[in-house]
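Asks: My questions will all concern the structure given below.
The values are calculated or read from the model by the stated rules, or taken from the named source; none is laboratory data. Predicted, not measured: the structure shown is a model, and the values here were computed from it. With ideal geometry, Cβ positions are generated from the backbone for all residues, glycine too; neighbour counts draw on all protein chains shown. We work out accessible area using only protein heavy atoms, side chains counted, and drop any ligands, DNA or RNA first. Shrake-Rupley method; radii C 1.70, N 1.55, O 1.52, S 1.80 Å.
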Amino acid sequence: MTTTTDPRPLYDRALTWVRSLATGLPAELSAPTPCAEFDVRTLLGHLVATVDRARVVGEGGDVFSCPLVVTGVEDWPGALAGAAEKMQAVWQDDAVLDREVTVPWGKVSGRAALWGYLNEALVHGWDLAVAIGADEEADPELAEAALTVAKQFIPAEHRGDQIPFAPVVAPRPGAGPTERLANWSGHHRQAG
């Protein structure tokens, strides 16, 4: 898997997995997640926001005009599906993949931007699955592809200010590819 691979079908599969997780939500959405800054509700709002941001990036708009977290949602699967439908319409044109776009981490090709949003979907999908007690692994082939690209473009060193990821977490024995991707992105299960 390389960065010349079209990430759109992979991103679509990741979003389908996230939507499936959102259909099995507990009644109480204030439970903590492995992503310390988000409870379940806020994490869901962030997931919707990242899909909105991918749409705006593809349109050539200002990614910072979108919130980091969407609020006021009652139907999370519906909100994710609606955001994905709008985003997919923007990315239908192959030319968008090779156009330079601006994302929070700099100027990159559209293709590289979608790889970043694919990483967001899988890592935060893993966070959500852990929090709600669902199956934590997306399609292994999908997660392995994302992990390969993440290791190419998210350096293990100098994380923090310039590289907005926590330090790499050593995977636990038997961790699947989605969990290893989350670990590479600095996410881990909370002790306790």
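Asks: Test each condition in (1) under 14 Å from the mean Cα position of the chain (by Cα); (2) open to solvent by less than 10 Å² (accessible area, probe 1.4 Å); (3) more than 30 Å from Ala31 (Cα to Cα) for Trp91 and report the one that comes out false.
Replies: All conditions pass for Trp91, except number (1).
Asks: Could you grab the pairs with beta carbons closer than 6 Å, sequence gap of 6+ or different chains, first residue in the stretch 174-191 and more than 9 Å from Ala143 (Cα to Cα) and without any contact (Cβ under 8 Å) to a residue 24 or more places away in the chain, second one in a loop (DSSP other than H, G, I, E, B) and among the aliphatic types (A, V, I, L, M)?
Replies: Asn183/Val169
Asks: Among (1) surrounded by 22 or more Cβ atoms within 10 Å (Cβ to Cβ); (2) of a type outside the set (S, T, N, Q); (3) in a helix (DSSP H, G or I), which single condition is Ala138 missing?
Replies: That leaves (3) as the condition not met.
Asks: Mind counting the residues in the stretch 1-49 that are hydrophobic (A, V, I, L, M, F, W, C), more than 17 Å from Val69 (Cα to Cα) and assigned to a loop (DSSP other than H, G, I, E, B)? Don't jump to the end; show me each part of the working.
Replies: Initial filter on the stretch 1-49 (hydrophobic (A, V, I, L, M, F, W, C)): 1, 10, 14-15, 17-18, 21-22, 25, 27, 29, 31, 35-36, 38, 40, 43-44, 47-49.
From what is left, the residues that are more than 17 Å from Val69 (Cα to Cα) are 1, 10, 14, 17, 21, 25, 27.
Adding the requirement that they be assigned to a loop (DSSP other than H, G, I, E, B) leaves 1, 25, 27.
Summing the residues that are hydrophobic (A, V, I, L, M, F, W, C), more than 17 Å from Val69 (Cα to Cα) and assigned to a loop (DSSP other than H, G, I, E, B) in the stretch 1-49 gives 3.
Asks: Six or more apart or on different chains, Cβ atoms under 6 Å: show the pairs whose first residue is in the stretch 64-79 and in contact (Cβ under 8 Å) with a residue 24 or more places away in the chain and under 19 Å from Gly24 (Cα atoms) and whose second is assigned to a loop (DSSP other than H, G, I, E, B) and hydroxyl-bearing (Ser, Thr, Tyr).
Replies: Short answer, once both residue conditions are applied: Pro77/Thr23.
Asks: Another question, then. Considering only the stretch 42-58, I want to know if a residue exists there that is closer than 18 Å to Ser30 by Cα and among the hydroxyl-bearing types (Ser, Thr, Tyr).
Replies: So far as the stretch 42-58 goes, yes, one or more of its residues are closer than 18 Å to Ser30 by Cα and among the hydroxyl-bearing types (Ser, Thr, Tyr).
Asks: Looking for something farther than 23 Å from Phe165 by Cβ, open to solvent by less than 30 Å² (accessible area, probe 1.4 Å) and not basic (Lys, Arg) - is there at least one such residue anywhere in the stretch 8-30?
Replies: yes
Asks: Can you give me the number of residues within the stretch 141-152 that are closer than 12 Å to Leu10 by Cα, open to solvent by 30 Å² or more (accessible area, probe 1.4 Å) and in contact (Cβ under 8 Å) with a residue 40 or more places away in the chain?
Replies: 1
Asks: Consider Asp52 carefully, then state whether it is more than 16 Å from Thr71 (Cα to Cα) and either open to solvent by 50 Å² or more (accessible area, probe 1.4 Å) or of a type outside the set (Gly, Ala, Ser) (or both). Walk me through how you get there before you give the answer.
Replies: Working: more than 16 Å from Thr71 (Cα to Cα): no; either open to solvent by 50 Å² or more (accessible area, probe 1.4 Å) or of a type outside the set (Gly, Ala, Ser) (or both): yes.
The answer is no for Asp52.
Asks: Any residue in the stretch 175-184 that is at pLDDT below 95 and either on the phi > 0 side of the Ramachandran plot or open to solvent by 50 Å² or more (accessible area, probe 1.4 Å) (or both)?
Replies: No: zero hits.
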